[in-house]
Amino acid sequence: QVQLVESGGGLVQPGGSLRLSCAASGNSFRFYAMGWRRQAPGKQREVVAVCTSGGTTTYSDSVKGRFTISRDNASNTVYLQMNNLKPDDTAVYYCNAYVSGIRGSPNYWGQGTQVTVSS
């Protein structure tokens, strides 16, 4: 069974940085894309960033220039480097994997990791 396991969340001060990791296992074929969504209190779930197996990346406007998504196909792992963090970045971050496209819902979800940005 496919499993996505996130790590790297925590408490950080505004302006700080965190790197999230998501390790996938159990997938027989390489995912078309992997990425991150986040859910903040009182807000809708938001697509943060997506990276295809070919290295094409997409970011939400709210994080562009501050966050960087990367993917290591060999290790089946996707990362999210988060710099210049703001309180509005506080959310549960979920790793996602897509079999063939990114327009619909992800095929797989991780359990989520909490990111809290506060002074």
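Taking θ = phi - 60°, what integer Hz values does the Karplus form 6.51 cos²θ - 1.76 cosθ + 1.60 yield along segment 25-35, in sequence order, with x for Gly and Pro?
Values per residue, Gly and Pro as x: 8, x, 8, 6, 10, 4, 5, 4, 8, 9, x Hz.
Would you kindly derive the ³J(HN,Hα) couplings of segment 76-81 from the backbone phi angles with the Karplus curve 6.51 cos²θ - 1.76 cosθ + 1.60 (θ = phi - 60°), listing them in order in whole Hz, with x for Gly and Pro?
Residue by residue, segment 76-81 yields 6, 10, 10, 10, 9, 8 Hz.
According to a simple spin-label model (label point 7 Å from Cα along Cα-to-Cβ), what is the distance in nm between Ala23 and Gln1?
Output for this residue pair reads 1.9 nm.
Rounded to the nearest 10 Å², what accessible area does Ser7 have for a 1.4 Å probe in the complete protein model?
60 Å²
If I model a spin label at Gln81 and Thr57 as a point 7 Å from the Cα along the Cα→Cβ vector, what separation in nanometres do I get?
0.7 nm
Can you figure out the FRET efficiency of Val99 with Gln44, using R₀ = 22 Å and their beta-carbon distance, to the nearest 0.05?
Working: r = 24 Å, r/R0 = 1.09.
E between Val99 and Gln44, to the nearest 0.05, is 0.40.
Hey, in the chain, which Cys have no second cysteine's beta-carbon closer than 4.7 Å?
Singleton cysteines: Cys51.
Can you check how the C-alpha radius of gyration of the chain compares to 2.2 N^0.38 Å, as a plain ratio?
Values: Rg = 13.4 Å, N = 119, 2.2 N^0.38 = 13.5 Å.
The value comes to 0.99.
Taking the Cβ of Val92 as the center, what net charge do the other residues with Cβ under 13 Å away carry, scoring Lys and Arg +1 and Asp and Glu -1? Each step should come with its number before you reach the end.
Values: positive: Arg37, Arg38, Lys43, Arg45; negative: Glu6, Glu46, Asp89.
Around Val92, the surrounding residues sum to +1.
The values are calculated or read from the model by the stated rules, or taken from the named source; none is laboratory data. Just so it is clear, the structure is predicted and the values come from calculations on it, not from any experiment. Ideal geometry is used to build each Cβ from the backbone, glycine not excepted, and the neighbour counts take in all protein chains shown. Please note that ligands, DNA and RNA were not included when accessible areas were found on the heavy atoms of the full protein model with its side chains. Shrake-Rupley method; radii C 1.70, N 1.55, O 1.52, S 1.80 Å.
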